[in-house]
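Take a look at the structure set out below.
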Amino acid sequence: FAPWDDPDATPLIEFRGVTKRFGDFTAIDDLTLDIYAKEFFALLGPSGCGKTTMMRMLAGFETPTEGSIHLSGQDIGRVPPNRRAVNMMFQNYALFPHLSVWENIAFGLKREGREKGEIDERVTEMLRLTRLEKFARRKPHQISGGQRQRVALARSLAKAPKLLLLDEPLGALDKKLREETQFELMDIQEKTGTTFVIVTHDQEEAMTVASRVAVMDEGRIVQVATPPVIYEQPASLYVADFIGDVTIIEGTARRAEGGYTVEWAEGQPPLRVRSGLDLAEGARCHVAIRPEKVEIHRNRVEDDNVLKGTVIDIGYLGNLSTYHVRLADGRVVKAQNFNTERDTRQPFTWEDEVWINWTAGCGVLLER
Ligand code: ATP
């Protein structure tokens, strides 16, 4: 039973009607949000949507113009950064170049005047957690980018904060290392039980690591949910378009059994969509279809939504291929096929006439 589904669960962090203005520019707009202990929570959105401002308010580098932020029930709006059980790991890691890995990790503990025995124990534990035992004596310039990232993480966790803020923590790493490190981060988060809030503009990263994702747009949160819900049941056109690959078709809704049919182009069959959405008869709407839900065939098939088209582009990704199929009216629908067998690796080629189809339950109906 997830805490966000439990009406009796107490959040670790509570944003209540938080607004942040810089001059007359509103960066965060009347935002309310709960984050629970032990969550790996992602703030996701395009550049300028206010993600970093949210982090900076949690860390204490900015104060809300209006509203309140509570941590463990305490209003932290005016508590200075060093008095919060919060730590922030910066994008550039900000390691001390002249200190060894060991000293970098120990730095905050020493500054707090902790006992030597305790510092030794804690640093050793952090080195083990981040698999850096072998590099303890090296300086930051003597280790790889991925290792530096782990030193920064070890250092931010050394003081056992309740909350760790990660601002684009993997931005400096190449794709492969980035993907590996995502799983390491998840592992470390689980082992320490620390609440992580990560800021990213990379939707795949957010979907991979997070227990829940908040999708932001211009200082507001447009949807907060688990990754599968964000992907399968986007709350708006903005979310559907921002997360993953999608074809969006605009049309007019007509009520039908179990949902709607959507009229969208002259001479094309209306699209069938299952949906609990309450739209007025004749309302303008959108249907969003994920490419992996669209099947592609040489011959006509029987299904809810069957359309004829021509292959105009193929993206070969090894495990799967993405086909861009142009319909008679010029619209392009993306279809994805898994390349499971060697001899079907590229069963379709450019200019092939094909039929595509998807079942009514696979499209998502969205309000205009
Ligand atoms: P990015 O992914 O590019 O870092 P972001 O979503 O983290 O973007 P923020 O850094 O939170 O965005 O900024 C949100 C908005 O607030 C931006 O339009 C930015 O220009 C503005 N802003 C942020 N800090 C200040 C400031 N100190 N003074 C004026 N405007 C600011």
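Throughout, read-outs are computed from the coordinates displayed, never taken from laboratory work. Because the structure is a prediction, the values reported are computed rather than measured. Ideal geometry is used to build each Cβ from the backbone, glycine not excepted, and the neighbour counts take in all protein chains shown.
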Give the distance, in whole Å, between the Cα centre of the range 172-239 and the Cα centre of the range 83-141.
26 Å
Rg (one decimal) and Dmax (whole number) from the Cα set of the chain, in Å, equal 24.7, 79
For the range 246-367, fraction of C-alpha pairs farther apart than 17 Å, in %:
55 percent
R0 of 35 Å, Cβ-Cβ distance THR340-ALA2: FRET efficiency to nearest 0.05
0.55
Peptide ranges 256-267, 280-291 listed from the most packed, as the mean C-beta count within 10 angstrom indicates
280-291, 256-267
Provide the packing ranking of 177-186, 51-60, 2-11, i.e. peptides ordered by the mean count of other C-beta atoms within 10 Å per residue, highest first.
51-60, 177-186, 2-11
Highest mean first, what order results for 297-309, 163-175 on Cβ atoms within 10 Å?
163-175, 297-309
Hey, what do the phi angles of the range 118-124 turn into as Karplus ³J(HN,Hα) couplings, whole Hz, using 6.51/-1.76/1.60 and θ = phi - 60°, x for Gly and Pro?
5, 4, 3, 5, 5, 5, 4
Quick one: what are the phi-derived ³J(HN,Hα) couplings along the range 316-323, Karplus 6.51/-1.76/1.60 with θ = phi - 60°, whole Hz, x for glycine and proline?
8, 10, x, 6, 8, 10, 10, 9
For the range 103-156, listing trypsin sites (Lys or Arg not before Pro) in a DSSP loop whose Cβ sees at most 13 other Cβ atoms within 10 Å gives ARG131, ARG137
So what is the 222 nm mean residue ellipticity for the chain from helices alone, if each DSSP H run of at least 4 adds -39500 (n - 2.57) and you divide by all residues, rounding to the nearest 500 deg cm²/dmol?
-7000 deg cm²/dmol
Cα centroids of the range 293-330 and the range 26-67: how far apart, whole angstrom?
41 Å
Calculate one ³J(HN,Hα) per residue across the range 226-243 by plugging θ = phi - 60° into the Karplus curve 6.51 cos²θ - 1.76 cosθ + 1.60, and present them in order as whole Hz with x for glycine and proline.
5, x, x, 5, 4, 6, 7, 10, x, 7, 8, 4, 4, 5, 4, 6, 6, 9
Net charge contributed by nearby residues that have their C-beta within less than 11 Å of LYS162 (K/R +1, D/E -1):
+3
